[in-house]
Amino acid sequence: MGNTALTASEKILSAHLVDGEFKKGTEIGIKIDQTLTQDATGTMAYLEFEAMGVPRVKTEKSVAYIDHNTLQNGFENADDHRFIGSVAKKHGISFSRPGNGICHQVHLERFGIPGKTLLGSDSHTPTGGGIGMIAIGAGGLDVAVAMGGGAYYITYPKIVNIKLTGKLSPWVAAKDVILEVLKRLTVKGGVGKIIEYTGDGVKTLGVPERATITNMGAELGATTSVFPSDEITKDFLRRQGREADWVEIKPDENAVYDETIEIDLSAVAPAAACPHSPDNVKSCAEIGKIKVYQVCIGSCTNSSLLDMMKVAHILKGKTVHPDVSLSIAPGSKQVLEMLAKSGLLAVMIDAGARILESACGPCIGMGQSPNSGGVSLRTFNRNFEGRSGTKDAKVYLVSPETAAFSAITGVFSDPREIGEMPEFNLPENFDINDNMVELPADADKAHDVEILRGPNIKPYPKTEPLLADIEAEVSLKVGDNITTDHIMPAGAKILPLRSNIPAISKHCFVACDEKFPERAEKLGMSFIVGGSNYGQGSSREHAALAPLYLGVKAVIVKSFARIHKANLINAGILPLTFINPDDYDRISRGDKLSLKGIRNDITSGKSEFILQNHTDGAAIPVTCEFTPRTRDIMLAGGLLDYTREAMKQ
Ligand code: MIC
Ligand code: SF4
């Protein structure tokens, strides 16, 4: 990059560049220092890791967390936990046991290191950007490859500078800041971009607040979000007994950004993302005092000790409104233990809060589904339709302050009405006890570790090299902003099937069309057609693996969300984009389409193809830009086959 001044993100990326050149829009490979997995994506990621045949992870630190599938209403989740624990022990991975907390919260507290790269099989991995990491969410297979020492590939992103000035007013929260960003940029505004926070306002935000903002940057579709690593970061790490991990990361003075957005923190007001999208943001005044039936506090966005201290203060001496059910899930064992020791847990219990274990819980539909049509205020990051487990529930995403205050009043309430706000300070020293993190076996003992495989664990679906021609029917046509929760729903009933692709495939797209799985399977081979921002949300590769199992060969849309597009390529499914978005209207479900000579075209380096619609005779131009690497992955039939081939050479 010559002598040019660098942004904070560019400094970390350039220190990790192992393939490609620093040129916007081109593909670069970066070395991954740390990985994390959670249990809902982890079982598949470790099956993939095993299939690669690498005996021990090559990263500096890899951690396997159990935090999503903690409701054990059958043997499946417990079996998966044991499987992950045994794989971790054998292959050099630390194992964060159920009860230790939500992966992103625990990783921030105990393992994240400024200036390092982190790849996680969960879309909220960018939480680590709160301490100056380049932390990226990806599909399980990409994480498996990174554990095996392979680079992670991204399109060199645009870097957006969000310049913060001023200071938040009392009772206005970091959550309100990211809601403001979502309002301005929308759920697709961050695609292909890294969001970097700069300006004097940064100094007014502590690490937990920064992490709330980088966490929910995932909802912008951004590659990641990053704060500088400064004295505040150092102070947080000191309180966590990890001052030695600190390094300073800041942009050079004349760093050049692709775009700059200014936000005056003192002008930010409490807000909420209204049903059913994180960017449907309205102010308290616009929403009005609507009746609330449920309040859920927790999730990787807002479950830090600082958040819980504020919640306890608001609940102190009060009783939860008779019409409201309030649940609180502190983000980690450290947070829960410190709440217990300080007496704040008793304050919450006394007010009538239903205390849940330190896990994802209601955020992923693992319990606490709201009443029919009920208004639920949640401090989480996603409010997609049906994600809570109640299809017609109305979920609003809010700050812990707004949530706790509304739980008392029974109506949606502006927390600024609480009155004077005391100063909330982090404890001088966090309680440190990593007794729920099991370290892996020493390399020379690894062969003695037995892998514990339950009957629900089924192998990776069958793949095949890209066909010479694809001729098939359209099995499904969907609209804009389809989420991975539409494609592959989660919730307490379906999540236990994450390690059983044939079984979970029966739930694929049922939220949009109940008959889809049966139809696609019967067709044997088919196309899916979609609108813009297709596949937003979660990193779950199951949203590609289930279509793969059902015979989907290509997905043709107006535009893709980043992680899902990568997951489709990894699964050997062609991700095609309409060159003229209006051509979307020229295809219907049931139409017969063909991509003649597609294998030859891709092999010869073409990026534009003709999709023939045999039903109405239209010739529709579609595109997919391949790099030499993604082209070879596609031709091989997916990343697993490609990696196996590469390892043979
Ligand atoms: C989510 O918030 O949607 C999840 C559940 O954490 C997912 C991962 C998954 O589907 O397992 C994510 O964000 O990537
Ligand atoms: Fe867990 Fe929810 Fe965070 Fe996903 S968004 S990691 S389900 S807490």
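List of remarks:
- Counting DSSP beta bridges with both ends in the range 141-281, the antiparallel % (nearest 5): 15 percent
- Rounded FRET efficiency, nearest 0.05, which uses the C-beta distance separating LYS58 from ASN433 and R0 of 30 Å: 0.55
- The chain shape via C-alpha gyration tensor axes, a/c threshold 1.5: rounded
- Simple spin-label estimate for SER372 and ARG82 gives 4.0 nm between the two label positions (7 Å along the Cα-to-Cβ direction from each Cα).
- Only Lys, Arg, Asp and Glu carry charge here, each on its Cβ (+1 for the first two, -1 for the last two); on that basis the chain has a dipole of about 820 debye about its Cα centre.
- Cβ-placed point charges (K, R +1; D, E -1), dipole of the range 112-178 about Cα centre in debye, nearest 20: 300 debye
- With contacts taken as Cα pairs under 8 Å and at least 6 residues apart, the range 1-127 reaches a relative contact order of 29 percent.
- When the trypsin sites (Lys or Arg not before Pro) in the range 317-369 are filtered for DSSP coil states and for at most 16 other beta-carbon atoms within 10 Å of their beta-carbon, the remaining sites are LYS318.
- In Hz, Karplus ³J(HN,Hα) per residue of the range 449-466 (6.51, -1.76, 1.60; θ = phi - 60°; x = Gly, Pro): 7, 8, 7, 9, 10, x, x, 7, 8, 10, x, 4, x, 5, 10, 8, x, 3
- Between HIS313 and THR26, the distance separating the two model label sites (each 7 Å from Cα on the Cα→Cβ line) works out to 5.1 nm.
- Net charge contributed by nearby residues that have their C-beta within less than 9 Å of LEU639 (K/R +1, D/E -1): -3
- Approximate spin-label separation ALA244-ILE579, in nm, with each point projected 7 Å along Cα-to-Cβ: 5.9 nm
- With 0.36 nm allotted per residue and the present C-alpha distance subtracted, the GLU50-LYS458 stretch has 145.6 nm of extension available.
- In terms of its C-alpha gyration tensor, the range 282-424 comes out oblate, because a/c is 1.5 or above while a/b does not outweigh b/c.
- Shape call, the range 266-343: gyration tensor on alpha carbons, a/c limit 1.5: prolate
- Sequence-separation-based contact order of the chain, relative, with Cα cut under 8 Å and 6+ spacing, percent: 14 percent
- Computed on the range 76-199, with alpha-carbon pairs under 8 angstrom and 6+ residues apart, the relative contact order is 17 percent.
- Additional length obtainable on full extension of the chain from LYS606 to GLU471, 0.36 nm per residue less Cα span: 46.7 nm
- Electrostatic dipole magnitude of the range 474-523 [Cβ: Lys, Arg +1; Asp, Glu -1; Cα centre; debye, to 20]: 160 debye
- Computed [θ] at 222 nm, deg cm²/dmol, the chain (DSSP H ≥ 4; -39,500 (n - 2.57); rounded to nearest 500): -8000 deg cm²/dmol
Read-outs throughout are calculated quantities, based only on the coordinates presented, and are distinct from any laboratory measurement. Fair warning: this is a prediction, and the values are worked out from it, not measured in the lab. Positions of Cβ are backbone-derived with ideal geometry, glycine not excepted, and every protein chain shown enters the neighbour counts.
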